[in-house]
Amino acid sequence: MSRVLIIGCGGVAQVAIAKCCQNSEVFTEIMIASRTKEKCDAVKARWEKETSTVITTAQVDADKKEELVALINSYKPEVVLNVALPYQDLTIMDACLECGVHYVDTANYEPEDTDDPEWRAIYEKRCQELGFSAYFDYSWQWAYQEKFEQAGLTALCGTGFDPGVTSVFCAYAKKHYFDRIDTIDILDCNGGDHGYPFATNFNPEINLREVSAPGSYMENGKWVEIPAMSIKREYDFPEVGMKDMYLLHHEEIEALGRNMPEVKRIRFFMTFGQSYLTHMNCLENVGMLSTTPIEFEGQQIVPIQFLKALLPDPASLGPRTVGKTNIGCIFTGVKDGKEKTLYIYNVCDHQECYREVGSQAISYTTGVPAMIGTALVASGLWKKPGVFTTDEFDPDPYMEALNKWGLPWVVEENPVLVD
Ligand code: NDP
């Protein structure tokens with residue numbers, strides 16, 4: 001029924017591709033296009049014997065709009081799924097607009113070069129006006145609203161797990177369980193162990209930028225920013241156990257704050273072990289997380305990119321990682337005049353993911369929703385002109401698809417709350 005162009009062929013993309021191949025009814029044809037074509041060819045060879053989805057591959061530099069336009073015009077997909085990096089969001093959106101094709105991604109835009117003076121001027125103004133200082137935010141993609149609306153095209157932003165599924169959980173709670181939601185706590189727990197002293201579960205550069213940034217949450221429509229890792233809580237996660245978790249800035253808070261302004265407080269917590277934090281602090285203190293290029297023996301290097309080259313490739317963690325993830329949302333609010341609390345979560349087992357698609361659970365919990373969001377746009381169930389996040393559509397078909405495609409969820413009444 002649909003022809004989809006998938007851009008990127010890393011950890012998340014490889015799961016999204018495997019799931020598209022399982023869902024051949026919707027994904028009759030896919031093209032995998034990335035910077036390194038050999039990776040695309042290897043993934044094609046892995047799945048093509050087990051699927052009726054017709055797979056082709058191509059090389060593309062997604063930083064170059066002209067290359068993307070030429071590729072899209074020659075392949076003529078209905079939808080482009082961007083699972084490359086957030087740096088490419090805007091060039092891919094521009095190419096989709098030029099070619100009249102729908103757009104889907106899993107992470108909001110951030111610039112590769114945070115020293116670019118033009119970007120920096122806008123960023124610094126936004127920090128002052130809104131009160132949070134993360135490098136990534138939705139303003140760049142929301143600025144495409146009118147263009148996508150006028151072109152009659154859908155841009156679905158952030159259909160991974162968090163953001164993505166967590167925002168769908170919010171829309172689902174609002175639709176079926178609450179008359180009014182007062183607070184949302186999004187809890188992301190990875191109880192997995194890969195046996196390395198230090199590794200990141202998805203792209204190291206994007207991951208380390210995210211977790212080393214100041215934390216922030218939304219209260220009464222305003223951002224409250226705190227020093228990185230300065231709010232810590234313990235939580236006893238179903239099927240994982242007791243873990244330390246830390247308040248982080250996260251992109252779904254921004255979208256939920258805009259789309260559900262009645263919610264008084266929205267926070268995001270992620271679990272980290274002591275070893276991860278000690279390594280990260282040390283790397284930060286010696287300057288290894290810096291995005292500013294330095295000259296080294298006559299060559300320009302960006303410290304965090306050099307670090308990425310040293311760290312294990314997240315796509316290689318699959319066979320080594322054991323344990324489970326638990327990601328979900330805790331809600332407080334009111335239903336039929338009575339106070340109510342609710343927890344919606346998914347538990348995912350690293351080794352089960354590896355057996356099914358050859359990846360660990362972080363790539364799996366992102367790649368499955370990337371496929372689901374793309375399928376909903378491709379099939380027309382989630383199609384409307386403009387730029388949207390996953391909380392802005394009917395959550396029911398997405399929730400159904402999560403159960404069907406490997407991420408079943410649990411609704412628990414009266415959970416333990418986070419103070
Ligand atoms: P990886 O680094 O494993 O993969 C990125 C892929 O994009 C690689 O195949 C890379 O090519 C390719 N790529 C990078 N730059 C370009 C370019 N200029 N042109 C073409 N291809 C390019 O990242 P992940 O798979 O871990 O992450 C993918 C996305 O998913 C990221 O945006 C990340 O932020 C997001 N994510 C979202 C989550 C969520 O829950 N919402 C959770 C985790 C990740 P090459 O192979 O040559 O390096």
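The values are calculated or read from the model by the stated rules, or taken from the named source; none is laboratory data. Computed from a predicted structure; not experimentally measured. Virtual Cβ from ideal backbone geometry, glycine too; neighbours counted across all protein chains shown. Just the protein is used for accessible areas: all its heavy atoms, side chains included, with ligands, DNA and RNA removed. Shrake-Rupley method; radii C 1.70, N 1.55, O 1.52, S 1.80 Å.
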Please report, in debye to the nearest 20, how large the charge dipole of the stretch 44-177 is about its Cα centre when each Lys and Arg carries +1 at its beta carbon and each Asp and Glu carries -1 there.
-> 680 debye
Volume per residue (Å³) of the convex hull spanned by the alpha carbons of the chain is 139 Å³
Where does each of Thr56, Thr332, Thr321 land when they are ordered by accessible area, with a 1.4 Å probe and the largest first?
-> Thr56, Thr332, Thr321
Got a sec to turn the phi values of the stretch 264-280 into Karplus ³J(HN,Hα) couplings, 6.51 cos²θ - 1.76 cosθ + 1.60 with θ = phi - 60°, whole Hz, x for Gly and Pro?
-> 7, 8, 10, 10, 10, 10, 10, 7, 9, x, 4, 5, 4, 5, 5, 4, 5
What's the carbon and sulfur percent of the stretch 213-315's accessible surface, probe 1.4 angstrom, rounded to a whole number?
-> 53 percent
Along the charge dipole of the chain, Cβ charges K/R +1 and D/E -1, which of Met280, Ala171, Ile304 sits furthest on the positive end?
-> Ala171
Accessible surface, 1.4 Å probe, highest first, among residues Arg320, Arg355, Arg233 = Arg355, Arg320, Arg233
For the stretch 114-258, rounded, prolate or oblate, judged on the Cα gyration tensor with a ≥ b ≥ c (square roots of eigenvalues), a/c < 1.5 rounded, else prolate if a/b > b/c?
-> oblate
Give the residue from Asn326, Pro397, Ala70 lying farthest towards the positive end of the charge dipole for the chain; charges sit on Cβ (+1 for Lys and Arg, -1 for Asp and Glu) and the dipole is referred to the Cα centre.
-> Pro397
Electrostatic dipole magnitude of the stretch 91-154 [Cβ: Lys, Arg +1; Asp, Glu -1; Cα centre; debye, to 20] = 220 debye
Residue-ordered couplings for the stretch 84-101, obtained by feeding phi - 60° into the Karplus form 6.51 cos²θ - 1.76 cosθ + 1.60 and rounding to whole Hz (Gly and Pro as x), are 7, 10, x, 4, 8, 3, 6, 5, 6, 4, 4, 5, 4, 4, 5, 9, x, 10
CD proxy at 222 nm, helix term only [per DSSP H run n ≥ 4: -39500 (n - 2.57); per residue of the chain; nearest 500] = -11000 deg cm²/dmol
Env charge @ Cys9, Cβ radius under 10 Å, K,R +1 / D,E -1, value +2
So, relative contact order of the stretch 1-151 in percent, Cα under 8 Å, 6 or more apart, is 21 percent
Which residue, Thr390, Thr374, Thr292, tops the fluctuation ranking in a GNM of the chain built on C-alpha contacts under 10 Å?
-> Thr292
The chain: relative contact order from alpha carbon pairs under 8 Å, six or more residues apart, as a whole percent, is 20 percent
How big is the equivalent ellipsoid of the stretch 270-393 along its three axes, where each semi-axis is √(5λ) from the Cα gyration tensor, reported in whole Å from largest to smallest?
-> 36, 21, 20
Taking Lys39 as the anchor, which lysines have their alpha carbon closer than 25 Å to its alpha carbon, excluding any fewer than eight residues away along the same chain?
-> Lys19, Lys49, Lys64, Lys65, Lys76, Lys308
Can you flag which of Lys37/Lys174; Lys222/Lys243; Lys222/Lys384 are past 32 Å Cα-Cα?
-> Lys37/Lys174
Hz values of 3J(HN,Hα) by residue in the stretch 116-127 - Karplus curve (6.51, -1.76, 1.60), Gly and Pro given as x = 4, x, 5, 5, 4, 5, 5, 4, 5, 5, 5, 4
Among Lys243, Lys44, Lys338: highest mean-square fluctuation, GNM of the chain, C-alpha pairs under 10 Å | Lys338
Of the options Ala84, Leu130, Asn23, report the single residue whose Cα projects farthest towards the positive end of the charge dipole of the stretch 1-133 (beta-carbon charges: Lys, Arg +1; Asp, Glu -1).
-> Asn23
Solvent-accessible ranking of Glu110, Glu25, Glu295, largest area first, probe 1.4 Å = Glu25, Glu295, Glu110
If you put +1 on each Lys and Arg Cβ and -1 on each Asp and Glu Cβ, how big is the dipole of the chain around its Cα centre, in Debye rounded to 20?
-> 680 debye
